[in-house]
Amino acid sequence: MPELPEVETVARGLQRSVAGQKILSVALGKTDFIDNPDVLESELSGRNVVRVERYGKFMLLWLSARQGSNNSGGEAALLVHLGMTGMLVPRPAAEPHVKHTHVVMQLGDGRELRYIDPRRFGRMAFLEGETLAEELGRFGLDPLEMRLEQFSARIHQRSARIKALLLDQRVFRGVGNIYADESLWKAKIHPAQLARRLKPEQLQKLYAALQSVLQKAILLRGSSISDFLDAEGMPGEYQQHHRAYGREGKPCFRCKTPIRRAMVAGRSSYFCPNCQPPPRSEKKKKRMAQKRRTR
């Protein structure tokens, strides 16, 4: 599922290619991933795409007021989540629609902005005014905009394991499984470590690691593990630089110890057992399991 770097990559591509364009009409196919299909279809037509930006794992296509409207509803935006296989891409109108094209927005320059999604695990919604503000208010800090002091305060306020905390969109918006594992590896912190037990120097390392990993991933247009393509239809390249994620059994780039995989926060987590020593509670569980096996 696309995470912060992948969504940022797509949003930047769409900002370059469709910002400023007018949406002339909207045609919908299957709509089970759309919050309000009728409203979306009627409200998008006649509006300009003012700008496109990322918000956590979502994209926001900020929209102008329609001509002749008093804009009493406040700011308006099209909220888009790509799910596992979604793509939002501009295409020439004459180009045939590929299978699983579910939303087609006719643009003023003759192109179409198409949403294509075989599995339809994404989400699309037209939101404005208070509804838009409430939706955005559900999410936490952006990892690339927060200060170290904010990051540290959020961590120490909670007793969850650090991997679970990094994945909690109410705390930090945009981080997913790939970049949580990569950042924890870089900071030498075990994913099962309790967040409130991290020392200030560990928090500083994790903060720097998270920002460094995300910025490099954006530079390389994200990670293409299976289906991800950017707004130009190109795959990302950051998967070639993964140090932990998906590398079970392969040697750690630092110490050559085989990378392990374990379930943390309900997700597969990849880590080096040597560079990222487990917390005491995990060591105790391991000793008890070994004793049971020897009885």
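The values are calculated or read from the model by the stated rules, or taken from the named source; none is laboratory data. The structure presented is a predicted model; accordingly, all values stated were derived computationally and were not measured. FYI the Cβ positions are ideal-geometry reconstructions off the backbone, even for glycines, and counts take in every protein chain you see.
Numbers for the structure displayed
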{"read-out": "Within segment 24-42, considering residues that are within 25 Å of the chain's Cα centre (by Cα) and in a helix (DSSP H, G or I), the one nearest to R66 (Cα to Cα)", "value": "L40"}
{"read-out": "Residue among L44, L63 that is assigned by TED's automatic domain parsing to the domain that holds L127 and touching a helix residue (DSSP H, G or I) at 6+ places or on another chain (Cβ under 9 Å)", "value": "L63"}
{"read-out": "Restricting segment 106-126 to residues that are among the hydrophobic types (A, V, I, L, M, F, W, C) and under 16 Å from K57 (Cβ atoms), the residue that is surrounded by the most Cβ atoms within 10 Å (Cβ to Cβ)", "value": "M124"}
{"read-out": "Count of residues meeting criterion [among the basic types (K, R) and in contact with a Phe, Trp or Tyr (Cβ under 8 Å, 6 or more places away or on another chain)] in segment 141-170", "value": "2"}
{"read-out": "Evaluation of P143 against (1) assigned by TED's automatic domain parsing to the domain that holds R197; (2) within 22 Å of S269 (Cα to Cα) (one fails), failing number", "value": "(1)"}
{"read-out": "All positions within segment 127-140 that are surrounded by fewer than 20 Cβ atoms within 10 Å (Cβ to Cβ) and either of a type outside the set (K, R) or touching a Phe, Trp or Tyr at 6+ places or on another chain (Cβ under 7 Å) (or both)", "value": "E128, G129, E130, T131, A133, E134, E135, L136, G137, F139, G140"}
{"read-out": "Among residues of segment 100-141, those that are part of a loop (DSSP other than H, G, I, E, B) and touching a strand residue (DSSP E or B) at 6+ places or on another chain (Cβ under 8 Å), counted", "value": "8"}
{"read-out": "Some residue of segment 43-61 being among the aliphatic types (A, V, I, L, M), surrounded by 15 or more Cβ atoms within 10 Å (Cβ to Cβ), part of a loop (DSSP other than H, G, I, E, B) and modelled with pLDDT of 95 or more", "value": "no"}
{"read-out": "Any chance S212 is of a type in the set (S, T, Y), at negative phi and surrounded by fewer than 16 Cβ atoms within 10 Å (Cβ to Cβ)", "value": "yes"}
{"read-out": "Scope segment 10-42; condition buried (at least 20 other Cβ atoms within 10 Å of the Cβ) and touching a Pro at 6+ places or on another chain (Cβ under 7 Å); matching residues", "value": "V18"}
{"read-out": "Residue count, segment 119-131 (criterion: of a type outside the set (F, W, Y) and within 19 Å of the chain's Cα centre (by Cα))", "value": "6"}
